[in-house]
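Beneath this line is the structure, given in C-alpha cells, with notes to follow.
The values are calculated or read from the model by the stated rules, or taken from the named source; none is laboratory data. Note that the coordinates shown come from a computational prediction; the quantities given were computed from them, not determined experimentally. All Cβ positions, even for glycine, are placed from backbone atoms using ideal geometry, and neighbour counts span all protein chains on display. Only protein heavy atoms, including side chains, enter the accessible area calculation; ligands, DNA and RNA are left aside. Shrake-Rupley method; radii C 1.70, N 1.55, O 1.52, S 1.80 Å.
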Amino acid sequence: MNKKRSKNIYIGWDIGGANTKVSIIKSNSSSSYIYKCHLWESLDFLKELKNHIHEKYERNFNIFNIITMSGEMCDIFLSRDKGTKEILRLFKDPNYRNYVFSSTKPFFIELEKISNVSTIQSMNWLATAMFLETKVKNAIAVDIGSTTTDIIIIKGGKNKNKNFNDLSRLSSSELIYTGVLRTPIYALSRKISIKNNMYNIIPENFSNMSDVYKILSAIDSKKDYSETCDRRSKTYKNSLRRLSRNLGFDYLPKDEKRLKEIAKKLKMIQVKIISEKISRFLEKYFTKKDPVSFIGIGVGKFLVKEICHTNNMLYKDFNTFSGDHKGKLFLPSDIAPAYSINILFKNSNERS
C-alpha cells in the first residue's frame, strides 16, 4: 500500500456468477450488500463495482479485500481455472491488501502468492462452515440461496463435510441445485397434479421460483435480487402471468386460485427435496441423544424455519451469531460466506 492510514476496513467478497455479495466491516459496524453482477455478460460489472467501493473508502481507510467465489464456473470462461484467474486479476492492485480464502492452510493467502487455484474454487460454503465452528457444537446449517442449497454439518464444533468440489458435493447432496429465486420451476417437476387435474410444465424459462414465492407472499420483493424471466416487474400479477405461461395458458383473473394451488404444490416439492436431505445427514452424523441446532441461512432460510417447525427441530437464525442489524435490508444471513470470511480474517489480522 502506498500510504498507511490509521483505520482498517475489511471488505469480504463472495463473487457469484449472477450476484456478488459484499460484507463491509469498519470499527464495530457491519454492513451487508448484494449486487447484480452477471459475469456471463461481462467482467466489467465486477470491475466497476470493485472500483466504486474502493473509491468510497480509500481516502480514509487501509482497505483489506478478502475474496471467495463460485463465479469461476460461468460459461464465459473456458475453464474454472481460467475463470478464477480472470476474476482475481481484477483485484491486483498494490494500493490494497488482497487475500483469497482457500480450503487449505493458510486459509487466507495473499493474492500474489496463490499457486493452486483449485483450492479456492467454489469454497464459499467452507467459509461459513469455519465461522460456525466457532459458534456451535452440533448443527446442520442450511444455506438456501437464489439457485443452490448448501448443507453444512458441524459436530463437536468441527466441520464434517467430506467433499470439496462441486462434482463430489452434488453426488453427496452437500450441494443441491435448488434455490428460491433463480431456479426454473421445471427443475422441480415436469407435471403438477391439482384436484385430479394434471398440468404439464413447459421446460422453458418462462418463470422461476421467485414467482412461486411472490405468489405465496413468502419473499419481500425488496430482497428478491434476481431478474425476472421476461424482464418485466416483480409484481404479484406479473408472477401469475409468468407461472401460467409455463403451464401453457395466458393468465386471466379466474385463474388466480388454481395458480396459487400450483405454487403451493411447487413449494411442497422443493421443501420435500431439502427436508429429505437434512434428515439423511441428521441420521448419518448424529444420534437421537445429540442436541442439534438447525441454522437457517440465505434468502430462503424461511424454508428451513418451516421444516424445523413441522418436524419439531430446534431452529436458529444465522443472524443470532452476528450482532444487531435492525433496520437494514440485507443481513449477514443473506451473505453468509462474505460475512464469514470477513469476520474470520479480521479477527485473525487484529490478533497478529
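For segment 305-339, give me the residue count where each residue is assigned to a helix (DSSP H, G or I), touching a strand residue (DSSP E or B) at 6+ places or on another chain (Cβ under 7 Å) and within 20 Å of ASN124 (Cα to Cα). Final tally of qualifying residues: 9.
Taking (1) part of a helix (DSSP H, G or I); (2) loosely packed, with under 13 Cβ neighbours inside 10 Å; (3) of a type in the set (Lys, Arg); (4) at pLDDT 95 or above in turn, ARG231 satisfies each apart from (1). A search for C-beta distances below 7 Å between a residue of segment 122-148 that is among the basic types (Lys, Arg) and any residue that is open to solvent by less than 20 Å² (accessible area, probe 1.4 Å), counting only pairs 6+ apart in sequence or on different chains, returns LYS137/GLY157. In segment 252-275, the condition of being among the hydroxyl-bearing types (Ser, Thr, Tyr) and either assigned to a helix (DSSP H, G or I) or open to solvent by 70 Å² or more (accessible area, probe 1.4 Å) (or both) is met by at least one residue. Out of segment 71-86, which residues are loosely packed, with under 15 Cβ neighbours inside 10 Å and in a helix (DSSP H, G or I)? Selection gives ASP81, LYS82, LYS85. Among the residues making up segment 159-216, those that are of a type in the set (Ser, Thr, Tyr) and either under 20 Å from GLY296 (Cα atoms) or not in a strand (DSSP E or B) (or both) are SER168, SER171, SER172, SER173, TYR177, THR178, THR183, TYR186, SER189, SER207, SER210, TYR213. If you go through segment 176-197 one residue at a time, do you hit one that is crowded, with 21+ Cβ neighbours inside 10 Å, of a type in the set (A, V, I, L, M), at negative phi and within 13 Å of the chain's Cα centre (by Cα)? For segment 176-197, residues crowded, with 21+ Cβ neighbours inside 10 Å, of a type in the set (A, V, I, L, M), at negative phi and within 13 Å of the chain's Cα centre (by Cα): present. When SER293, SER333 are screened for being within 15 Å of the chain's Cα centre (by Cα), surrounded by 14 or more Cβ atoms within 10 Å (Cβ to Cβ) and of a type in the set (Gly, Ala, Ser), only SER333 passes. Of ASN319, ASN349, all but one fail to be within 25 Å of LYS214 (Cβ to Cβ) and surrounded by 13 or more Cβ atoms within 10 Å (Cβ to Cβ); the exception is ASN319. Being in contact (Cβ under 8 Å) with a residue 12 or more places away in the chain and either open to solvent by less than 30 Å² (accessible area, probe 1.4 Å) or over 18 Å from the mean Cα position of the chain (by Cα) (or both) is a description that applies to LYS214.
The residue of segment 217-228 that is nearest to the chain's Cα centre (by Cα), among those that are acidic (Asp, Glu) and surrounded by 12 or more Cβ atoms within 10 Å (Cβ to Cβ), is ASP224. With respect to the conditions (1) closer than 28 Å to ILE34 by Cα; (2) more than 20 Å from the chain's Cα centre (by Cα); (3) without any contact (Cβ under 8 Å) to a residue 12 or more places away in the chain, ARG242 lacks only one, and its number is (3).
Looking at ILE151, ILE109, just one residue is touching a residue at least 12 places away in the same chain (Cβ under 8 Å) and either surrounded by 17 or more Cβ atoms within 10 Å (Cβ to Cβ) or at positive phi (or both), and that residue is ILE151.
The number of residues in segment 26-43 that are in a strand (DSSP E or B) and closer than 11 Å to PHE61 by Cα comes to 1. Counting only strands (runs of 3 or more DSSP E) that fall entirely inside segment 87-152 and contain at least 2 residues that are in contact with a Lys or Arg (Cβ under 8 Å, 6 or more places away or on another chain), the qualifying elements are 139-144.
Looking across segment 44-58 at every residue that is assigned to a helix (DSSP H, G or I) and of a type in the set (D, E, K, R), the one that is surrounded by the most Cβ atoms within 10 Å (Cβ to Cβ) is identified as LYS50.
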